[in-house]
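A short worksheet on the structure shown next.
The values are calculated or read from the model by the stated rules, or taken from the named source; none is laboratory data. Here the structure is a predicted model, which is why all the values come from computation and not from measurement. Positions of Cβ are generated from backbone atoms using ideal geometry, with glycine treated the same way; all protein chains shown enter the neighbour counts. To get the accessible areas, we keep the full protein, side chains included, count just its heavy atoms, and leave off ligands, DNA and RNA. Shrake-Rupley method; radii C 1.70, N 1.55, O 1.52, S 1.80 Å.
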Number of protein chains: 2
Amino acid sequence: VSFFRSRWVERPPHVSEAEPTALPGGFRAGAAAAGIEPNGALDVGVLVSDEPETTSAARFTASGLLGAPVLVSRQGALDQLRAVVANSGNANVADGERGLGTARAAQGEAAERLGVPREQVGLASTGVVGRELPRDLLVAGVRAAIDTLGDDTDGLCQAILTTDKSPKRACVDVALPSGRVRVAAQAKGAGMLEPRFATMFCFLETDAAVSAETLDLLCGVTVARSFERTSVDGQLSTSDTVFFLANGTSGVRVEPESADELALGEAIDALLRQLAIEMLADGEGASRVGRIVVRGGADAVEPVARAVANSPLVKTALYGADPNFGRILQAAGMALTGYEPFAVDLDVEGRTLVSGGAAVDQDEASWRALEEAVKAPEVEYELTLPGEGGETEVFFSDLTHDYVTLNAEYTT
Amino acid sequence: VSFFRSRWVERPPHVSEAEPTALPGGFRAGAAAAGIEPNGALDVGVLVSDEPETTSAARFTASGLLGAPVLVSRQGALDQLRAVVANSGNANVADGERGLGTARAAQGEAAERLGVPREQVGLASTGVVGRELPRDLLVAGVRAAIDTLGDDTDGLCQAILTTDKSPKRACVDVALPSGRVRVAAQAKGAGMLEPRFATMFCFLETDAAVSAETLDLLCGVTVARSFERTSVDGQLSTSDTVFFLANGTSGVRVEPESADELALGEAIDALLRQLAIEMLADGEGASRVGRIVVRGGADAVEPVARAVANSPLVKTALYGADPNFGRILQAAGMALTGYEPFAVDLDVEGRTLVSGGAAVDQDEASWRALEEAVKAPEVEYELTLPGEGGETEVFFSDLTHDYVTLNAEYTT
C-alpha cells in the first residue's frame, strides 16, 4: 500500500517511497520506555543530526496556554537545532516553574550526552495536562534513548503516540533537478486537533542542504496547507510542535527560488498533507474523513469552512453516512450572520443538492447513489458562496461513539 | 417540585407559581395533529390574544440562513402581534419561493380564521431542514388547531417539541407594586442550540399592559441573560424565535423605568433563565449541565467562556464526571492566542485547582470530594483571567453517547 493513500493527495512523479522508518544520511533516532506512560510503552524519543551545520525551522501551537517544552524550545536556536527530545504520557503543561525546570533538565541532559549546545535541542511533550511530569524519569529516559540511537525511526514514532492507533511516518527519495535527496517525517496526532495545528508533532528530516530561511519558508507553506487545514474536534492543543531539520549530507544544495526548492516543496507538501489526513483518519474514534471546499467571497470562505468542519451536527451526520445537506447549510449560515440572501450552492460527492439557496429535488436513483457515496472512507463537500476571490478547504473527521468513550473515560 | 429547580435560578419573592399550562386572561391556545410529524403527534399549535390592543416583541436567530417563517414574520407588525402559528416536523428552510409561499399560506389562514390582519400573525417552524413542508397539511393543521382554542397550553407545548424529551412551560403570578399580573411561557429546544439563541422557541404571554417599546426592552434584556447564555452543541439554528405578547387585560399598566417594570423584568428573567437551563438539561442526550463563569479583561471573558462551553473535550469530561481542569485551561488557551503569561485561576465546585496558571496540589480527601461534586446534575466552573472589567457566564450541556446516537441516526 502506498503511503499516499488519500484521494486528496497525489505522489509527485519525482518522489519515490523508501522504507517508512528510514532516515536521511547523518540523522539518528532512538527511544526508551521511561515509565512516564504507565504501561511500559516507549515514551521518550530522541532525534539527532550528526552534522554541525544543520539548519532548522519550527512551528508551535498558537494557544495562549503553552506547554513548558514549547516555552523552553522557543528560547532556543530554532534555526540551528541539532536534536529533538520528545515524550508522551505527560504534556508538562500548567506546572509552573517546576515544569519549566523539568523541560530544561531534559534539554540539558540531551545536550551534554550529544555534545551540542543546549539551545540547539528542541523539546516536545504530549499527554495529560496539569500533572507533574516526573523529572527523574524523563532525564533517565533521555539517557536511555540516546543509548539506542540508530538509523531507524520506529522507536521514536512509537514513543510519541498517545491516543493514536498507529504510528505515522514516511520516508521518500526525491529527485531534485540538482540531485537526489531524502526526506523523512514522523508524526503523531489523533485528538485535541484543530486550526493553527494541534496536539500533533511532526519531525521532518532531510539530507538536502537548505538555508534556515528557505527551510522556514518551506515549513510555513507546507504546514499551512496540511496540519492547519485539519480538525478532529476544533480543539487547539497546548503542545503542537513541528521541527524541520536539514543537514546537507547529500551534498545537494537547494537554493532559494530555484527549481530544486519547488521540487523539494512539492515533496514535503505531499508528505505533510498525507500525514495530516492520517491524523484525521486516526482521529479519536474516527471512522470517516470529510473535506469541505468553500469558494466565494474572500472574507467568508475561511469562517464558513471552519464552521462546517467543526459542527458536531455535520460530524455526526458524516458518521451516520447521512447526506444531510441541511446541516452543512445550517453550519455555514452560523458563520454568515446578516448575510442575505443566502444564495449558496452545495455539491456533495459531485451531486448538486442545493442551488441558489434552495434544495434541488433528487430522483430516487440519484439519492441512492449519494447514500452509497457518503459511506466511503473519504467524503467531499463543495460549497459555493456569493462573491469571488476566496477558496479554501478543511479536512475533518467524524464524531463517533468512540470519540465520546475515549474522552469521557480517559483523562487526557 | 418547583419550576425553579436549578441552583442557578432563584424564584423572586414576588413570584408565585400557577398551573404550568395556564394562560393569562385574554389568551387562548390550541393544537392539532396535522400529519407533518410522521407519528401522529401534535405538530401544529396556535396562540392568540383576543385583545385588539395587544403589544408584542420578537427576537430571531442571527444565522445567515433563515427559515421561511422567520423571513415572513420579520416582514410583519412585530410590535403588535395578535397570534402565533407554530409547527414541528419541518423547519421550512432552504425551500426557496415555495417555502415562503407555504409560510404565507399558514399566516393567511390563521389571520382569516381569527379575524386579525395577516401581518399580526407570527410564524415559527422547527424540524428537518431542506425538505418541502407540505402546504396543505400545515394549512389544515392551522384550521384544526384554531378549532381547539382554549385556556390551556398543553397542546401547544406538545406541538412544538422535536427531540425534546418533555415540554417546557411555566405560568406564574407576579405581585407588582401596582397590582397582580400573570406571565406564562412555552418553549422548546434540545439541540442545534447556541449563542445568539438557537433552535429554540419561546412564546411568552402576560396580561400586564406594557408598551411595545418596554416589552421590546424586557425581551432583549431577558433573552440576553437566558437563551443567549446557553449552548448544547455550539450550533446556531435557522429558526430560533422568541415572541412576547402583552394584552393588558389585568388592568395593571407597567410604565417605563418604574418599579413595576423592574419587578416584571425580574419575574421574566427568572422564568427565561430556568427555561434556558431546562433546554440544556434536556439537551440532546444530555446528562449534566455545566456553568462556566469567567472574570477578567472585558474583551477576553466572552470568547473564553464560549470556547470552554463548546469544547467537546470539556463536554465529554463533564459527561464522564471527570474534574479534568486541564481541558478547561486548554479550551481557554485556545481563545487567548498570544496571551502571555497565562496566569489564570480556576475553581471547580468552589475548589481552587489552578492558581496563577499552575496546578494546585490537592490532597486525597479534597480530590475525592471534588470527584463526588462533579457527579451532580449541575457543575460549576469559575475561571479568573488577568485584567478587569469583564464577567460573563455560559451554561452548557455535556456531550454523551446519546448525542451521537441521536444525531448520527436521525435526519434533522
message = How far, in nm to one decimal, is A:Pro134 from itself in the other copies if the label point is set 7 angstrom along Cα toward Cβ? Shortest first, please.
response = 6.7
ask   = Could you state the per residue volume, in Å³, of the convex hull enclosing the Cα atoms of the range B:139-266?
value = 119 Å³
note = Expressed in angstrom, Rg and Dmax over the Cα atoms of the range A:118-172 are 13.1, 38
task = Rounded to the nearest 500, what is the 222 nm mean residue ellipticity of chain B from helices alone, with -39500 (n - 2.57) per DSSP H run of 4+ residues and division by all residues?
result = -9500 deg cm²/dmol
query = Any idea what the dipole of the protein assembly as shown comes to, in debye rounded to 20, about its Cα centre with Lys/Arg Cβ at +1 and Asp/Glu Cβ at -1?
reply = 380 debye
key: Student exercise, chain B dipole from Lys, Arg, Asp, Glu Cβ charges, in Debye to nearest 20   = 800 debye
ask   = If you average the sequence gap of Cα pairs under 8 Å that are 6 or more apart and divide by the length of the range A:264-412, what percent do you get for the contact order?
value = 41 percent
inquiry  = Using a 7 Å offset from Cα along the direction of the beta-carbon, what are the separations from A:Asp50 to the same position in each other copy, nm, ascending?
reply    = 9.6
message = Counting only other residues whose beta carbon sits under 10 Å from that of A:Glu380, what net charge do I get with K and R as +1, D and E as -1?
response = -3
task = Name the residue farthest towards the positive end of the dipole of chain A from the options A:Val70, A:Ile292, A:Phe4, assuming +1 on Cβ of Lys and Arg, -1 on Cβ of Asp and Glu, about the Cα centre.
result = A:Val70
message = Quick check on the range B:304-384: what are the equivalent-ellipsoid semi-axes from the Cα gyration tensor, as sqrt(5λ), descending, whole Å?
response = 21, 16, 9
Solvent-accessible heavy-atom area per residue, rounded to whole Å², over the range A:54-208 at 1.4 Å = 30 Å²
message = Based on Cα coordinates alone, diagonalise the gyration tensor for chain A, multiply each eigenvalue by 5, take square roots, and list the semi-axes in whole Å, largest first.
response = 38, 24, 18
remark   = The answer for the range A:277-330, accessible area per residue at 1.4 Å probe in Å², is 21 Å²
task = State, as an integer percentage, the relative contact order of the range A:283-332 based on alpha-carbon contacts under 8 Å between residues 6 or more apart.
result = 34 percent
task = Of the options B:Val210, A:Ala331, A:Leu264, report the single residue whose Cα projects farthest towards the positive end of the charge dipole of the protein assembly as shown (beta-carbon charges: Lys, Arg +1; Asp, Glu -1).
result = A:Ala331
note = With +1 at each Lys and Arg Cβ and -1 at each Asp and Glu Cβ, the charge dipole magnitude of the range A:12-57 around its Cα centre, to the nearest 20 debye, comes out at 60 debye
note = Between chains A and B, the summed loss of accessible surface on complex formation, probed at 1.4 Å and reported to the nearest 100 square angstrom, is 4400 Å²
task = Could you sort out which of A:Lys375/B:Lys375; A:Lys188/A:Lys375; A:Lys165/B:Lys165; A:Lys375/B:Lys168; A:Lys315/B:Lys188 sit more than 30 Å apart by Cα distance in this structure?
result = A:Lys375/B:Lys375; A:Lys165/B:Lys165; A:Lys375/B:Lys168
inquiry  = Please list, by residue number, every one of the GluC sites (Glu not before Pro) in the range B:334-412 that is coil in DSSP and has at most 10 other beta-carbon atoms within 10 Å.
reply    = B:Glu388
query = Can you give me the relative contact order of chain A as a percent, contacts being Cα pairs under 8 Å and 6 or more apart?
reply = 18 percent
task = Enter the Cα centre distance for the pair the range B:25-62 and the range B:200-232, rounded to the nearest angstrom.
result = 17 Å
Solvent exposure of the range B:340-388 as accessible area per residue, Å², 1.4 Å probe = 50 Å²
key: Percentage of interatomic Cα-Cα distances in the protein assembly as shown larger than 35 Å   = 51 percent
query = Roughly what percent of Cα-Cα pairs across the range B:60-206 reach past 23 Å?
reply = 36 percent
ask   = Bin by bin, in steps of 10 Å, what percent of the Cα pairs in the range B:271-342 do you find, going until the bin that has the longest distance?
value = 19, 45, 29, 7, 0
request  = Can you list the distances in nanometres, one decimal and ascending, from the A:Glu255 label point to the identical position in each other copy, with the point 7 Å along Cα to Cβ?
outcome  = 8.7
task = With unit charges on the beta carbon (Lys/Arg positive, Asp/Glu negative), name the residue among B:Ala408, A:Val84, A:Leu313 whose Cα is farthest towards the positive pole of the charge dipole of the protein assembly as shown.
result = B:Ala408
ask   = the range B:264-412: D in µm²/s via Stokes-Einstein (Kirkwood Rh, Cα pairs, 20 °C, 1.002 mPa s)?
value = 133 µm²/s
key: Ellipsoid semi-axes in whole angstrom, largest first, where each is sqrt(5λ) of the Cα gyration tensor of the range A:20-72   = 23, 22, 10
task = Let me know the mean shielding of A:336-348 by other chains, meaning the per-residue number of their Cβ atoms within 10 Å of its Cβ.
result = 3
inquiry  = Roughly how far apart, in whole Å, are the Cα centres of the range A:83-152 and the range A:289-334?
reply    = 39 Å
query = Ignoring ligands, DNA and RNA, what percent of the 1.4 Å accessible area of the range B:280-339 is carbon and sulfur?
reply = 54 percent
request  = Let me know the shape class of the range B:34-103, please: from the alpha-carbon gyration tensor, a ≥ b ≥ c as square roots of the eigenvalues, rounded when a/c is under 1.5, otherwise prolate if a/b is greater than b/c, or oblate.
outcome  = oblate
query = Where does the charge balance sit around B:Phe27 when Lys and Arg score +1, Asp and Glu -1, over other residues with C-beta under 10 Å from its C-beta?
reply = -3
